Amino acid sequence: MWLLFILVIAASGLTLTMHTTSSFIDLHSGSDVRGVVGETSPLSFTAAFYIGRAFAARACSSTSTSTSTSTSTIVIGYDPRSHSSSLSEHFALGARFQGAQVTSTKLSTTPAQCYFARSSLYAFSVMVTASHLPRDKNGFKFFVRDDSSGQNSARGLTSSEIVALLLHADKMREEDGATEQSQSQSQSPSFAPPKFTPPITDLIPSYLKYLTQSFPLLAADNSNIKQLKVVVNSGSGSGFILADLLTSLGAQTFKMHCTPDPNFPPRGDPPNPECELMTADTRLRCQEVAADVGILFDTDADRVGFLLPNKHDGSYEVVNKNRLIALLAALLPSSSSNNNEKHVIVTDSTTSEGLTKFLEQHNCVHTRHLKGYNNVIGKGKVLNAAIAIETSGHCAMRSNDYSDDGMFTAMFILNELVQHPKTNPLEQLINLEECEFETEIRFDVLSGLLSDLPILFDKFIEVVASMAPGLGEIDKENIEPGIRVRFTNELTGGFFMLRKSVHDPVLSLMVDCVTKEQAVTRVLKPLLDNLQSVEGFAETVDLGNLKKASL
């Protein structure tokens, strides 16, 4: 095996480092693979090679009885990060070494990669991306064909499947490493990009064709689409693809940072539709051109946020998080009618009390589920939900086969603007009760050890539970590990919720309150006092962010 391995490496021009000792399981991040990229970092090119082998082993096993080469082919795409292309090539070589065929779409989006796994041509797809995380990080998202519904469908790998994949990759490396011990250390290859490049297949047009076919009104040659003014801010990521599509459809498209760039100008950080600076830049451009809508994407375009004009005062309001969920639900067919059919809307656990009330008023059933976009989407499928969406902007709609697709979400909103050009979408949100004060406070475990998290988390829960009777009632329907308290009396409409990170030594407290003054005096300051009174807690958990929020 080792000799064959060396021959494949030599033939491709690929160079790998075999001295990494950390487990690939360190790269597990929910339903994704993520980590810092580097020679001695968890996400090395060697890691990409073995993860490619492990995923290919699954692909080859799943299609062992298939006579179609295309269904056993893995389609790989990547975002504009400087190391994405090289990671994809190392992954592709690993997959090829394992016996799978590989084709590359080169620069792509996560929604497009998911679509390719849904198509009749391919059954396995991979996206190299770390979404909005810093430039030194990267990762993999995996999609597989899922024909359980009787039609072409795709799904992302679950968290447990990611764990199994990484363990398999570890095992493969160990088997090769055992043989490598007899090799001279001087033969251990160095860290460098490979010369191997998988064959290129231009599949993006097929995805864009699917988008336009899903919204025929936008593809029609009509005056409304031509009069539509759209600002698209892709933040130098892959979202430029939608801007190009809208231009081809005739919309007046104003592009912001729509040239893919690994340095992610203008701020140097990968785009995030929740970023206040990105939002502020987009708002200014919307005001300059009197846009009908501003669209903001993250790096791989599966998350999206919007800016819509307030036609009363000319300002542009942010539509994301609870507001985006409310707007999408309000625009669903018959969602405000008096018929007996109710739309199910599945969200993550951090949505507001006001949103629940709003959805009920719009003939919808609101179901909160575990945080994590794949958790939310999975629950949406089980409940046949119209929408499964996280407050972060990950949105999967039943009409799009539950694909996590920011571009489809954008087209859904644009379709409404073209269909009803004289209406103000913000008016749909008039009855949404919103808290003046919303914040998330993170608490780092000072030791940096994940093993210290459980006992500190339990202590924190005890403090929150002791405060609950004076603030409201504990939400017994909460299934997120932690505690959620609904405010009552003068604080009605808000909540606070404690949860812990699964992968990092971090505690998170979300607070929604009617006013900031009430949040500080009734929740944050008392919480700070109570935590400081717990013996040793302030010495083991960083309370700095809570102190700042309590001012």
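Checking each residue in the range 489-512 for being of a type in the set (S, T, N, Q) and farther than 17 Å from residue 437 by Cβ picks out only 501.
The condition (being of a type in the set (Val, Ile, Thr), open to solvent by 20 Å² or more (accessible area, probe 1.4 Å), in a helix (DSSP H, G or I) and touching a strand residue (DSSP E or B) at 6+ places or on another chain (Cβ under 7 Å)) is satisfied by just one residue among 461, 455: 461.
Apart from one condition, residue 247 fits all of (1) within 19 Å of residue 106 (Cβ to Cβ); (2) of a type in the set (Val, Ile, Thr); (3) assigned to a helix (DSSP H, G or I); (4) free of Cβ contacts under 8 Å to residues at least 40 places away in the same chain; the exception is (1). Go through the range 211-251 and give me each residue that's touching a helix residue (DSSP H, G or I) at 6+ places or on another chain (Cβ under 6 Å), within 30 Å of residue 90 (Cα to Cα) and among the hydroxyl-bearing types (Ser, Thr, Tyr). Result: 234, single match. Among the residues of the range 279-290, not a single one is touching a strand residue (DSSP E or B) at 6+ places or on another chain (Cβ under 6 Å), assigned to a loop (DSSP other than H, G, I, E, B) and under 23 Å from residue 325 (Cβ atoms). Answer yes or no as to whether residue 502 is under 22 Å from residue 391 (Cα atoms), at pLDDT below 95 and open to solvent by 60 Å² or more (accessible area, probe 1.4 Å). Criteria met by residue 502.
Matching residues to (1) open to solvent by 10 Å² or more (accessible area, probe 1.4 Å); (2) outside any helix (DSSP H, G or I); (3) not small (Gly, Ala, Ser):
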site: 304; (1), (2), (3): no, yes, yes
site: 311; (1), (2), (3): yes, yes, yes
site: 329; (1), (2), (3): no, no, no
site: 354; (1), (2), (3): no, no, no
site: 360; (1), (2), (3): yes, no, yes
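Within the range 506-546, if we keep just the residues that are in a helix (DSSP H, G or I) and within 30 Å of the chain's Cα centre (by Cα), the residue that is surrounded by the fewest Cβ atoms within 10 Å (Cβ to Cβ) turns out to be 544. Against the numbered list (1) surrounded by fewer than 18 Cβ atoms within 10 Å (Cβ to Cβ); (2) in contact (Cβ under 8 Å) with a residue 24 or more places away in the chain; (3) in a loop (DSSP other than H, G, I, E, B), residue 299 comes up short only at (1). Scanning the range 106-130 for residues that are in a strand (DSSP E or B) and surrounded by 24 or more Cβ atoms within 10 Å (Cβ to Cβ) gives 124, 125, 126, 127, 128. Any residue at all in the range 73-83 that is assigned to a loop (DSSP other than H, G, I, E, B), touching a helix residue (DSSP H, G or I) at 6+ places or on another chain (Cβ under 6 Å) and surrounded by 20 or more Cβ atoms within 10 Å (Cβ to Cβ)? For the range 73-83, residues assigned to a loop (DSSP other than H, G, I, E, B), touching a helix residue (DSSP H, G or I) at 6+ places or on another chain (Cβ under 6 Å) and surrounded by 20 or more Cβ atoms within 10 Å (Cβ to Cβ): absent. Restricting attention to the range 217-236 and to residues that are small (Gly, Ala, Ser) and surrounded by 14 or more Cβ atoms within 10 Å (Cβ to Cβ), the residue that is modelled with the lowest pLDDT turns out to be 219.
The values are calculated or read from the model by the stated rules, or taken from the named source; none is laboratory data. As the structure is a prediction and not an experimental result, all values here were calculated from the model. Note: ideal-geometry Cβ built from the backbone for every residue, glycine included; neighbour counts use all protein chains shown. Calculation scope for accessible area: heavy atoms of the full protein, side chains included, ligands and nucleic acids excluded. Shrake-Rupley method; radii C 1.70, N 1.55, O 1.52, S 1.80 Å.
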